[in-house]
Amino acid sequence: MRRMITFFPSRTVALDFFGLSLHWYGILYVASFAIAALLLPRLQRLRDLDLSREGWLDIVTWAVVGVLAGGRLGFVLFYEPVYFLYAPWKIFYVWEGGMSSHGGFTGVVVALWLFTWMKGLWTWAVADVITVPAAIGLGLGRVGNFINQELYGTQSSLPWTIAVPGALGLRHPLQIYDVLLMLAVACVCYVLLRMGKPKAYGRIFAIFLLLYGIVRFLLEYIRVQTYPLILFGPLALTRGQLLTIPLIVFAAALWFMAPRYTVKSAGASP
């Protein structure tokens, strides 16, 4: 007789409950948003915001929708457009995997802009505050990749390499590198918030985007690529690097545009 509840039935599944599988990725997504809901009401005073806990829960809810919709559509458009063109119903099969971090970024920014615009809040003040839980959430996402043994690195002889089922030789634990670097980014953003510098709303968010972009661009060099490189004359870029360049450009533009957002209180409508 089949057991109704099974713990850890496979590497990727944490719990099988009456035939429904609870994946580690789902657990870590929920943990990320729970951390955001816990931290944001405490961090907001560092950017002169005064939202209620319910207001922050609304923002987190919008962010959930943004990261899921943007992440999925980003994967469809950036990585497998031809496949989904012939099987568009598969777009909704999120349980089969396929999310794009760049698409998730775009989805969150759009959702954040819409919410703050409707509520009359300073978008970039809110964006500065979410940098800390966002970096932590990105790190937790890589923990899911490590558990699933996906997005691992190239072969290496370093003493901390790992064996990956089905992969030849020992590999860079790329996911762990990413986790540690994202926690470092979270610490940098938190320290800047505590110091109250830079003063211009949006600049901490710009720093966050820039640091994430640099980390992502450099780690791509030791990541096993499942898609062909894109050639620009003598320069060969991975798809992840190509998608990261606009992010870095946007971060730089935001840094220079941000000073205009220092005039009024962050809790008031712009």
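Along the charge dipole of the chain, which of Ser100, Ala258, Leu174 sits closest to the positive end, that is, farthest toward it, with unit charges on the beta carbon of Lys, Arg, Asp and Glu (+1, +1, -1, -1)?
Ala258
Within the chain, count lysine pairs with alpha carbon atoms under 28 angstrom apart where the residues are 8 or more positions apart or belong to different chains.
Numbers: Lys119/Lys197; Lys119/Lys199; Lys119/Lys264; Lys197/Lys264; Lys199/Lys264.
The result is 5.
Please sort 52-58, 204-210 by packing, taking for each peptide the average over its residues of neighbouring beta carbons within 10 angstrom, highest first.
On the way: 52-58: 14.1, 204-210: 23.3.
Ranked by mean Cβ neighbours within 10 Å, highest first: 204-210, 52-58.
For Met195 and Leu218, what is the calculated FRET efficiency with R₀ set at 35 Å and r taken between the beta-carbons, to the nearest 0.05? Present the calculation step by step, with values, prior to reporting the outcome.
On the way: r = 26 Å, r/R0 = 0.75.
In this case the efficiency is close to 0.85.
Of (i) 43; (ii) 51; (iii) 54, which one was derived for percent of Cα pairs over 24 Å apart from the structure shown?
Matching the structure shown: (iii).
Starting with the highest mean, order 77-85, 211-219, 161-169, 133-141 by the number of other Cβ atoms within 10 Å, averaged over the residues of each peptide. Don't jump to the answer; show the numbers that get you there.
Numbers: 77-85: 13.2, 211-219: 19.7, 161-169: 11.4, 133-141: 23.2.
Going by the mean number of other Cβ atoms within 10 Å, highest first, we get 133-141, 211-219, 77-85, 161-169.
How big is the dipole moment of the chain about its Cα centre under a simple scheme where the beta carbon of each Lys and Arg is +1, that of each Asp and Glu is -1, and everything else is neutral? Debye, nearest 20, please. Numbers along the way, then the final one.
Numbers: 21 positive and 11 negative charges, 86 e Å.
It comes to approximately 420 debye.
Okay, helix-only estimate at 222 nm for the chain: each DSSP H run of n ≥ 4 adds -39500 (n - 2.57), divide by all residues, round to 500 deg cm²/dmol; what do you get?
Working: 8 runs with 155 residues, N = 270.
Value at 222 nm, helices only: -19500 deg cm²/dmol.
Dipole of region 85-205, Cα-centred, from +1 at each Lys and Arg C-beta and -1 at each Asp and Glu C-beta, to the nearest 20 debye?
Working: 8 positive and 4 negative charges, 86 e Å.
For this selection, approximately 420 debye.
The numbers here are math on the coordinates, done by the rules we state, and not lab data. All figures in this text were calculated on a predicted structure; none of them were measured in a lab. All Cβ positions, even for glycine, are placed from backbone atoms using ideal geometry, and neighbour counts span all protein chains on display.
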